[in-house]
Structure formats: structure tokens, C-alpha cells
Amino acid sequence: MTTRVRRAAAYAAVSTLSLTAPVLGWATAAAFGALAIGALAVTDGPLFEWFARPADRQEGRLHGLAAFAFAATGIALLATFAGLPTHVLVASVVVVGYGNLAQQIAWQFDAEPILRTGAFVGGGLIAGVVGQVVALVADGVAFSPALPKIVFLAASGAVLAGLLRSVLFARDDPLVMLSVAFLLWLFADLTVVVTVEAVAVAIAVTALFGYVSWLLDTASIPGMMTGALLAMLTIVLGGYGWFAVLISFFGIGSLSTKFRYEEKEARGVAEDNEGARGSGNVLGNAAVALAAVLAYAARGRLPIPGEIFLFAFAGSIATAMSDTLSSEIGGVFDKPRLITTLERVEPGTDGGVTWQGEVAGIAGAGVVAGIAALLFETVGPTGAAVIALAGAGGMTMDSLLGATLEGDRLGNQSVNFLATLTGALVGAGLAVVVLP
């Protein structure tokens, strides 16, 4: 057993302490807290050797174990005094503990980065399911009726944890655990019906979508994990139609990035990393869509019809599609003009547009609108026109922000976010005004 695996096994064993929460209640928080304080007193010996990370050895203290235990203490206190479900507490802790163990075992065999990430998600998923089942049984709750939602929570937590670990460091596991806890708390509180079919399809499609994205170099590992999380949540919380709208952007947008890539690279207008999009780029384009999906899942608690969130979702995706095609197609043509003054500018200038790019962008918005009209009865021809207008409006806002604020005041990801937010608001607003 290597040092990595041995240390990961020790942390996994510590995470198992969370299973006592249904029986011990607040005492579990006390136990984690005592472990955290005790870890700071350990400077050598067998315990130090088991848990010490490289940074701990330099500092002579088990800061990693202390931080891990303190984070678990905080989650346990939320379960005791704030109503966080006990099974969410267990899932949040064991997903990280056992996911890391599975990843380190895969690392021992010198697996590819994508396989190590997959091992983390798979190990975390299994541990999350088993941990929740044990917690519910200890609480005297029948787990069988809730099994689809249990698997959904475990899968969501494992993918989020895998995403965060792909962009953070091992010492940031406390932040990962807390993030997973709050996300799963939100999902557990939603009154959404989760079916076995939806969860099975979501997991299968998410795994395939992520692997294909990485294999074709259309996304980095963080970008792939971000897209996979969005895909899973869209399928389970929205439905297959919502996912079809989302995947149209990822598929067509990724292909457009590869369109005449060498030529765009020579012109200085190509995406970095050979077009592989990172998590920031994916979130900048899809964060608003994710918020719309979550709002749709919580529609029973909101004074807004669920269809409005569908138009917000489609409007944001139409914007992302429109902006991506406008940039990627228009980037291969000469003589762009600044959208605010129509003056000639160099290719790649923020806010510069070409008529070819504008046509491509409008066509992209039309594709999203057509898919939505085909899959949703509530959309129809009028709704499709609303979505197409929303996409074109969001694309125009992206160019205006690029010409006026991008650079010194706003980064590209912030501009993408504000543009998709514009598309969502235009889509929702027009839907309220135009549709019956």
C-alpha cells in the first residue's frame, strides 16, 4: 500500500464517523470537533504518519486532518440545529472521503487523469448511496421509496466534489465538503419527483457526455465535469426536453470552436487550449440556464408559472449558442466593425462583429428555438419567435458589453454571464407579454 492510498484510507475511515449521527445526534459534532482539536496536537508518531500530507510534514502539524474534521463538525452542527437532513450530512462527508480513496487507488495504477476523476466520482457515488441508506435505516425511515432520490443526491454530490477537486487542491477538501452539503441540502428540500428511469438515464448520459467531451478535446477535465453536472441536473430536474436544448448548445458550440481552428489561431481569435473549454467558460454560458432549471424544480413554491422558467432557460441557451457561433464563425472573416460605432477594427477586438457572424448567430438562436418548439407544446411558433429574439438580443448585449466594458471592468466570463442573463430575461419577459 502506497503512502497516498494509506492516507486516503485513513481519511475515509474518519469520514465514516458521520454514520453515527442518526444515533448520537449532536455528539457526532462533538466527536469531530474533538478530533480536529486533537489533530493539532499531533506532531509525530504513527498517527502523524498515517494522516500527514506533504504540507503537514513541512509545518509539523496535521492541519489537513484538523480542517477536514472541522468541516465535518460544521455540517454536523447544521444537522443538529438547522435542520440539514442526517442522510445529507453522511453523504457530504463520505462522498469526499471515499471518493478520494478510490481516486488514489486508481492513481496507484498510473491511470489517465480522466480515469482518476471517474474513479473519484464512482467511489463517491457508491459511498454516498450506501451512507444515506445506512443513515435512513438508523433513523427508522424506509429507504426503498426514496432510493431514486438517494442515488440522485449521491451522484450530484460526487460530480460536484469531483469538479471542485479538479480545480482546487487536496487541502481544500473542507470547502468541497461544505459545498456538497449545501447543494444536497437544497436538492433534498425540493419537492421534485425523481424516478428510477430519470436517474439511470442521467448517470449514463452524464458519463458518456463527459467522456466524449474529453475524448474530442472540446472541454478540459474541469469543463467536462461542469458540463456533466449541468447535464445531470437538467435531465433530473427539468426533463429530457430541457436536456436536448442544453446539449444542442454543447454539441454545436463545441463543433463550431473546432471550425477552421488553425486559421483562427493564426489570426489570434481562437479559444485557448486548442478549443477545450474550461469550467469558467462553461459556467459563464450555462449558469443562468442552471438557475432556471433549479427555479423550475422549485416552481411549486414560487408565484411564477413554471413555463416562464422554460423560456428563461431557452433564452439563455439561445444566447449562448448565438454568441458562440457568431464569434467562432465570424472570427474567420475579415473587416469586423465595432458594434457601437461601426468603425473598422482588428479581428478579435472585443465588440467587433461581422455580418457573417451575425447571420450565424441568428441561425444558432433559431436552432435552439426550433428544438424547443418541437419538444414543448407550450412553446409553439410564437414561443419559438420569442426564444429566437431572446437569443439575438443576448448576442447583441454580449457585443455591446464587449465594446464598452470588457477588458478593464469585466472579463469574458462575466460578459457571457450577463449576456445569457439578458437572453433569459428577454425570453421570460416576452413570454409573459406575448403568450396566453
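Whole-Hz Karplus values for region 241-256 come out as x, 4, 5, 4, 5, 5, 5, 4, 5, 4, x, 5, x, 5, 5, 5 Hz, taken residue by residue from phi with 6.51 cos²θ - 1.76 cosθ + 1.60 and θ = phi - 60°; glycine and proline positions read x. Here, region 284-333 has an Rg and a Dmax of 14.0, 49 Å when only alpha carbons are counted.
Under a Gaussian network description of the chain, with springs only between Cα atoms under 10 Å, the residue in 166, 144, 18 that fluctuates furthest is 144. Against the set (i) 1.03; (ii) 0.97; (iii) 1.16, the structure's computed Rg/Rh (Cα atoms, Kirkwood Rh) falls on (i). Over the C-alpha trace of region 287-378, radius of gyration and Dmax come out as 16.7, 51 angstrom.
Largest GNM mean-square fluctuation among 387, 317, 329, using the chain with Cα springs under 10 Å: 329. Per residue, the convex hull around the alpha carbon atoms of region 313-436 comes to 91 Å³. Annotation note: chymotrypsin sites (Phe, Trp or Tyr not before Pro) in region 94-178 located in DSSP loop regions with a Cβ neighbour count of at most 11 within 10 Å are 109, 169. Taking the 1.4 Å solvent-accessible surface of the chain as the whole, the part contributed by carbon and sulfur is 66%. Enumerate the residues in region 381-412 having an amide nitrogen under 14 Å from the point lying 7 Å beyond the Cα of residue 341 toward its Cβ. Under 14 Å, as judged by backbone N against the label point of residue 341, lie 403-405 of region 381-412. Among 303, 336, 113, the largest mean-square fluctuation in a Gaussian network model of the chain, built with springs joining Cα atoms closer than 10 Å, belongs to 303. Would you mind checking region 85-128 for residues with the amide N under 15 Å from a putative spin-label position 7 Å along Cα→C-beta of residue 178? Residues 93 qualify, since their backbone N sits under 15 Å from the label point. Spin-label model, residue 432/residue 302: points 7 Å from Cα along the beta carbon direction are separated by 1.2 nm. One decimal place: the segment residue 409-residue 114 gains 102.7 nm when fully extended, by the rule 0.36 nm per residue minus the C-alpha distance.
The values are calculated or read from the model by the stated rules, or taken from the named source; none is laboratory data. Keep in mind it's a predicted model, so treat the numbers as computed, not measured. Ideal geometry is used to build each Cβ from the backbone, glycine not excepted, and the neighbour counts take in all protein chains shown. Protein only, heavy atoms only, side chains kept; ligands, DNA and RNA dropped before computing areas. Shrake-Rupley method; radii C 1.70, N 1.55, O 1.52, S 1.80 Å.
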